[in-house]
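The values are calculated or read from the model by the stated rules, or taken from the named source; none is laboratory data. Because the structure is a prediction, the values reported are computed rather than measured. A quick note on method: Cβ atoms are made from the backbone with ideal geometry, for glycine too, and the neighbour counts reach across all protein chains shown. For accessibility, only protein heavy atoms count, side chains too; no ligands or nucleic acids. Shrake-Rupley method; radii C 1.70, N 1.55, O 1.52, S 1.80 Å.
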Amino acid sequence: MSVSTIVLIIILLLVVLLVTWGIGAYNGLVNLRNRVANGWAQIDVQLKQRADLVPNLVQTVKGYASHESTVLEEVTKARADVAQAQAAGGDRMQARADAEQRLGQSLVTLMARAEAYPELKANQNFLDLQRQLKDLEDKIAYARQFYNDVVQKFNTRIETVPSNIIASLFHFRQAQYFQADEGSRQAPVVDFGQ
């Protein structure tokens with residue numbers, strides 16, 4: 001075998017290895033991007049269930065605490081904001097996350113205000129709705145954690161060498177984390193004296 005044949009074989013082998021690595025890196029990035037999309041879809045499913053539960057909860061509380069109209073209006077407005085953010089779609093994930101945070105805060109306030117009504121707290125329908133809401137909030141928290149974990153892996157892969165080369169060639173963009181807004185980091189103020 002001549003030297004030129006050996007050099008040609010080595011060059012071909014290197015090209016095959018480089019192409020194989022490129023395909024693997026690209027497929028890994030696509031896999032993570034799809035997991036990010038799936039993670040957001042899982043959050044969306046849980047948030048939709050919560051939004052569907054809110055009118056029932058508001059109506060149940062209304063029957064017992066009709067003079068809590070301010071709190072009920074806040075919950076209704078927050079739910080409408082969520083629907084509007086959801087309809088906007090696209091890359092408006094942060095707007096949707098903010099709207100969901102406001103809805104969550106208003107629900108916490110509503111549940112705290114409901115504590116002042118013993119007959120409401122004893123109502124089986126309310127107790128069932130309260131349990132469903134708690135279960136949904138737990139699922140939402142888990143889905144957000146899962147989503148952020150996948151986003152972290154995806155963003156890390158995009159930023160690290162050598163997969164960042166493939167990411168830049170094929171225009172992979174970093175995903176946004178699901179973050180709480182500043183207002184949601186504070187406990188809601190509940191005043192039973194109003």
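Numbers at a glance
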item	result
Subset of the range 177-194 [open to solvent by 90 Å² or more (accessible area, probe 1.4 Å) and either at pLDDT 65 or above or among the basic types (Lys, Arg) (or both)]	Gln179, Arg185
Extreme residue, nearest to Leu103 (Cα to Cα), among residues of the range 149-162 that are at pLDDT 95 or above and of a type outside the set (Val, Ile, Thr)	Asp149
Any pair with Cβ under 6 angstrom, 6 or more apart, that starts in the range 124-142 at a residue that is surrounded by fewer than 15 Cβ atoms within 10 Å (Cβ to Cβ) and ends at one that is assigned to a helix (DSSP H, G or I)	Asn125/Thr60
Members of the range 126-168 that are more than 13 Å from the chain's Cα centre (by Cα) and aromatic (Phe, Trp, Tyr)	Phe126, Phe154
Residue match in the range 100-117 (condition: open to solvent by 60 Å² or more (accessible area, probe 1.4 Å), among the polar types (S, T, N, Q) and closer than 16 Å to Val58 by Cα)	no
Residue in the range 135-148 that is in contact with a Lys or Arg (Cβ under 6 Å, 6 or more places away or on another chain), part of a helix (DSSP H, G or I) and either of a type in the set (A, V, I, L, M) or at pLDDT below 85 (or both) present	yes
Residue satisfying all of: in the range 114-133; in a helix (DSSP H, G or I) and small (Gly, Ala, Ser); modelled with the highest pLDDT among these	Ala114
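Residue-by-condition table, conditions (1) closer than 30 Å to Gln152 by Cα; (2) surrounded by fewer than 16 Cβ atoms within 10 Å (Cβ to Cβ); (3) at pLDDT 85 or above:
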site: Ile23; (1), (2), (3): yes, yes, yes
site: Gln42; (1), (2), (3): yes, no, yes
site: Leu47; (1), (2), (3): yes, no, yes
site: Ala97; (1), (2), (3): yes, no, no
